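Report on one structure; see the data block that follows.
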Amino acid sequence: MDKIKLTCNSYAINVFHRAGRSDEKIVFLHGGGLDSAMLSWKEVIGLMDSRYDIYAIDLLGYGESDKPDILYSTPMYVELVHNVFDQLHIEKTSLVGLSMGGGISIAFSLKYPEMINKLAFIGSVGLYQRMPFHTLCRWYAYSRLNSKSYEWLGKSKKFVRWSIAASLIGDKSKITDELTDGLYDLLQQPNVNRAFESFQRYEMGKKKITTDLTPHLGELKIPVLIVNGEKDSGVPAKFAIAAGKVIKNSRVHIMKDCKHWAQKERPEEFAECLSEFLQSKEPLLK
């Protein structure tokens, strides 16, 4: 894929681009933590039909984009993505987001619905008002343990592999040495946790998620694909199923036995599901 270098509010933003045979566009947004555009979406993008004009953004604080010491939040990222679209002359696209990127995708689609053809998200933030064990999660987000956990993980590749198996990928055979080594190398970089820690602290309000999207899910009028790993402990599948009942023009796909990184665990299944959704001309109204 080609790389496009942009400047948004004086910060460098990296965008991966694969030109398509048509003007049908898809934009992919990755999750938080140690994530990046290619880490989450490389396999899926490689499986998508060549007619799609595809973009995958390294969000500010991640990948090859700048990592400034600023406040990171859903509203900030929504405006960043809008700025990127403006510079790339993207007037309308389908939007696909994972986890944190899913929440950003939902918030973007609510604010700028005229720019979105179809919306798809997986293991998404924004489907619940409170995290599971919200009070404990908030305490952890603000505690020294949060940053220390990155330091501890970075001490051993065995710890990295254990962490992936614990929450991200259910099938241990899919946890390759390449993936483990890549995350281990990321953990050696300075301030690798800065963006996500800031995001967590902003979004983990005392009583509920700060950018609470749940009251507005029913306002989504575009076709929506909701995907979730069956065994995702960070975003339990029950939230995806509940969202599917609220968003009328939607369909839900639960990936059996998968955890939070379901699209990376079984990219073929996710790509097939996404492709069918994007190609479908039938309304999803229930």
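FYI, it's all coordinate maths here, none of it is from the lab. Source: prediction; values computed, not measured. Here Cβ is always computed from backbone atoms with ideal geometry, including for glycine, and neighbour counts include all displayed protein chains.
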Can you tell me the convex hull volume per residue for the stretch 144-222, based on C-alpha atoms, in Å³ to the nearest whole number?
157 Å³
What fraction of the DSSP beta bridges in the chain is antiparallel, stated in percent and rounded to the nearest 5?
35 percent
Among the Cα-Cα pairs of the stretch 32-161, the proportion with separation greater than 18 Å, in percent, is 63 percent
Regarding the chain, what is the average projected area of its C-alpha convex hull, in nm²?
13.6 nm²
Assigning unit charges at the beta carbon (Lys, Arg +1; Asp, Glu -1) and nothing else, what dipole magnitude in debye, to the nearest 20, does the chain show about its Cα centre?
1040 debye
Work from the charge dipole of the stretch 118-238 (Cβ charges, +1 for Lys and Arg, -1 for Asp and Glu, about the Cα centre) and give the residue of TRP139, VAL192, PHE159 farthest towards its positive end.
TRP139
What spacing in nm lies between the two simple spin-label points modelled at LYS111 and GLU272, each 7 Å away from Cα in the Cβ direction?
3.7 nm
List residues of the stretch 191-223, by number, whose backbone nitrogen lies under 19 Å from a label position 7 Å along Cα→C-beta of LYS238.
208-209, 214-215
Per the rule of 0.36 nm per residue minus the C-alpha distance, extending ASP257 to SER50 adds in nm 71.6 nm
Pick out, from SER233, ILE254, THR211, the residue whose Cα sits farthest towards the positive end of the charge dipole of the stretch 202-286, with +1 on the Cβ of Lys and Arg and -1 on the Cβ of Asp and Glu.
THR211
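Report, in deg cm²/dmol and to the nearest 500, the calculated mean residue ellipticity at 222 nm for the chain, where each DSSP H run with n ≥ 4 adds -39500 (n - 2.57) and the sum is divided by the residue count.
On the way: 11 runs with 112 residues, N = 286.
Calculated from helices alone, the mean residue ellipticity at 222 nm is -11500 deg cm²/dmol.
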Within the stretch 107-150: backbone nitrogen closer than 17 Å to the LYS245 label point (7 Å, Cα to C-beta)
127-130
Taking the Cα centre of the stretch 122-193 as origin and charging only Cβ (+1 Lys, Arg; -1 Asp, Glu), how large is the dipole, in debye to the nearest 20?
360 debye
Can you count the Lys pairs in the stretch 84-205 with C-alpha separation below 26 Å, eight or more apart or on different chains?
11
